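Here the structure comes first, spelled out in structure tokens, and everything after it is commentary.
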Amino acid sequence: MSAGESKIALGGKTARTTPDLARDRRRGIVDGRGAALAAVLLLLALSLLPPIALLIGDPFLVVTATRIMIFAIAALSLDLVLGYGAMVSFGHAAFLGLGAYSVAILLANGTSDILIQTLVAILASALFALVTGAISLRTKGVYFIMITLAFGQMAYFFMVSLSAYGGDDGMTLAARSTLLGLPVLNSDLTLFYLTLGVLALAFVGLRAVIFSRFGRVLRGTRQNPVRMQAIGFQPFAYQLTAYVIAGALAGVAGVLLANQAEFVSPAYMSWQRSGELIVMVVLGGMGTLVGAIGGAIAFLLLEDWLAKFSEHWKLGLGVLLVCLVLFTRGGIAGGIERLFRRAPS
Amino acid sequence: MSEPLLSVSHLRKSFGALAVTDDVSFNVAPGELHAIIGPNGAGKTTLIHQLSGSLASDSGAISFAGDEVTRLSMVDRVRRGLARSFQITSILEAFTVLENAALAVQARSGSSFRFFRSAAREAPINDAAMAALARVKLDDRAHRRAGSLSHGEKRQLEIAIALATGARLLLLDEPLAGTGREESAVLVSLMRELKETHTLVLIEHDMDAVFALADRVSVLVYGQLIATGVPEVVRNHRDVRAAYLGEETAA
């Protein structure tokens, strides 16, 4: 920052105000009302999907959409940590796996109620997040990435070695979870709407968290942790809390994933899976909740679509990702925001 | 003389064999504006890091408002009313000007482990933040993004954030750094007004500003305080002229 530059700015004070203010207001598209509107439209569109699938005679669409929404929930939870907390967690799939195994292990031991399974999944994921987060947050940058990766792999190999529950091969669930003794989740349609409901709740809940006192501290810490200490906040406690919230929510996604697939396997917790979750968040636009949902949808649709062309589809996905990151900073949400900003208001 | 608000005694800090803070002692009375000057590399910034708590001291003691704070963290010292600003502007650029100040108010307004209510709608916090902004004449910029402010305005915001913490003593680390003539005139008049309500420790390169504002001046050279006193005395102190002011006149 040079003195010359600041003088010019000072001289042009009044001239700068109007366009700057207008631009700052328009910035609301991603983080403000525009994002909420986009999310509501997205969720509404999703809620209309089952009748449309019926109409065009493609019931499998509902199954695919359920799976996508489950990963959208996991991506949302990662976005709290990665996008708003600036913590690059490379072990997030572990929580997904913990949630899924909570269902499988409880079911194998005679507890099929989804409420109890979800409670156990939340407690297990939150506890794992609390312990591993408290250790991981003592490091920063690349070391944080490495240590979360290490914890993720520990969880992965623990499940691989758990031969009573399928070990390496995973295990097929005898049945889906029940709700208060009723087998309502056996219907793909019910599972779809349950997942949609959880996704909507997760979005609304996280949005409130981000604009709350807690979220403001977290967002401030992302920008400048030293400044936060200088005004009296100790970032560690806030970052750890965010890590625990994100872990617990990913655990809930795991419960849904186990039910959707009727199968659990250590593969849910592999580092590749953690990497895919990061890709979803970055693809959609870090630090925008609607972006995390959009990123999950785009990633899984691309995966499906490209797989139809060639078994080497991952190569194509790689090329696409490189282009997206290079040409659309801020991911899908950032791209859409720029489109709106360019339009006269 | 009344009980000092800040009392520093025999403070030391070495990096290897280099004594950066070498047996520094001084007192700051309530309401005083105490300037610390010294040539480049004298250890002014290290001293402010030690006073604010971002750097631990090797030995010596710092007491604030009668309590020893030598081993407290920066966070604990802010909570007791000892806040600092930064030489290199350290604001939250993506936040609005108001939010920058509001966060500092929030830090002292009950728990921040509140997860659902919108923080931006908490009127008492916003009011206190606006009051801090008004003191530095930034209230008309409250809803602008902090990153879009001019350099001088960012320096004003630095001070507003320190004010908003509710501190009694502000450690201002070169508030005039990088400012032009008009901007520094604005900041100097702001500091003159702040003197009415706050105790200030000012580290500054700009000699005109220091001698215009300070009640007392301490001169730091190679980690040692070679003189402390009212501006006229310090200005005419032989060692000071030799070590510091003389250089400037010669240059």
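The values are calculated or read from the model by the stated rules, or taken from the named source; none is laboratory data. Everything numeric in this text was worked out from a predicted model, so none of it was measured. Every residue, glycine as well, gets a Cβ built from its backbone with ideal geometry; the counts of neighbours run over all protein chains shown.
Descriptive notes on the structure:
- Lone unmet requirement of (1) over 19 Å from the mean Cα position of the chain (by Cα); (2) in a helix (DSSP H, G or I); (3) under 21 Å from B:Arg79 (Cβ atoms); (4) within 11 Å of another protein chain (Cβ to nearest Cβ) for B:Asn100: (1)
- For B:Glu122, the conditions (1) in contact with a helix residue (DSSP H, G or I) (Cβ under 7 Å, 6 or more places away or on another chain); (2) farther than 23 Å from B:Leu171 by Cα; (3) among the acidic types (Asp, Glu) all hold with the exception of (1).
- Taking the range B:20-44 as the range and being surrounded by fewer than 16 Cβ atoms within 10 Å (Cβ to Cβ) and either of a type in the set (S, T, N, Q) or within 14 Å of another protein chain (Cβ to nearest Cβ) (or both) as the test, the residues that pass are B:Ser25, B:Asn40.
- Given (1) touching a residue at least 40 places away in the same chain (Cβ under 8 Å); (2) in the same structural domain as B:Leu149 (by TED's automatic domain parsing); (3) among the small types (Gly, Ala, Ser), index of the condition B:Gly60 fails: (2)
- Looking across the range B:191-212, the residues that are assigned to a helix (DSSP H, G or I), surrounded by fewer than 19 Cβ atoms within 10 Å (Cβ to Cβ) and free of Cβ contacts under 8 Å to residues at least 60 places away in the same chain come down to B:Arg192, B:Glu193, B:Asp208, B:Phe211, B:Ala212.
- Restricting the range B:107-160 to residues that are in contact with a Pro (Cβ under 8 Å, 6 or more places away or on another chain) and part of a helix (DSSP H, G or I), the residue that is farthest from the other protein chains (Cβ to nearest Cβ): B:Ile159
- B:Ala17, sole failed condition from (1) more than 14 Å from every other protein chain (Cβ to nearest Cβ); (2) touching a helix residue (DSSP H, G or I) at 6+ places or on another chain (Cβ under 9 Å): (2)
- Which numbered condition B:Ile48 fails, given (1) without any contact (Cβ under 8 Å) to a residue 24 or more places away in the chain; (2) assigned to a helix (DSSP H, G or I); (3) assigned by TED's automatic domain parsing to the domain that holds B:Glu3: (1)
- Residue satisfying condition, being free of Cβ contacts under 8 Å to residues at least 24 places away in the same chain and in contact with a Lys or Arg (Cβ under 7 Å, 6 or more places away or on another chain), within set A:Ser212, A:Ser161, A:Ser187: A:Ser212
- Just one of the listed residues (B:Asp127, B:Asp140, B:Asp173) is among the acidic types (Asp, Glu) and in contact with a helix residue (DSSP H, G or I) (Cβ under 8 Å, 6 or more places away or on another chain), namely B:Asp173.
- Looking only at the range B:161-183, and only at residues there that are facing chain A (nearest Cβ under 10 Å) and farther than 14 Å from B:Gln87 by Cα, the one that is surrounded by the fewest Cβ atoms within 10 Å (Cβ to Cβ): B:Arg181
- From the options A:Gly170, A:Gly152, residue that is within 14 Å of A:Leu257 (Cα to Cα) and out of contact with any Lys or Arg (no Cβ under 7 Å at 6 or more places or on another chain): A:Gly170
- Residues within the range A:232-265 that are at the interface with chain B (Cβ under 10 Å from one of its Cβ atoms), in a helix (DSSP H, G or I) and more than 18 Å from A:Arg138 (Cβ to Cβ), tallied: 1
- Among the residues of the range A:221-231, those that are surrounded by fewer than 24 Cβ atoms within 10 Å (Cβ to Cβ), under 23 Å from B:Leu72 (Cα atoms) and facing another protein chain (nearest Cβ under 7 Å) comprise A:Asn224, A:Val226, A:Arg227, A:Gln229.
- Within the range A:59-67, none of the residues are in contact with a strand residue (DSSP E or B) (Cβ under 6 Å, 6 or more places away or on another chain) and in contact (Cβ under 8 Å) with a residue 60 or more places away in the chain.
- Any chance A:Arg176 is out of contact with any Gly (no Cβ under 8 Å at 6 or more places or on another chain) and in a helix (DSSP H, G or I): no
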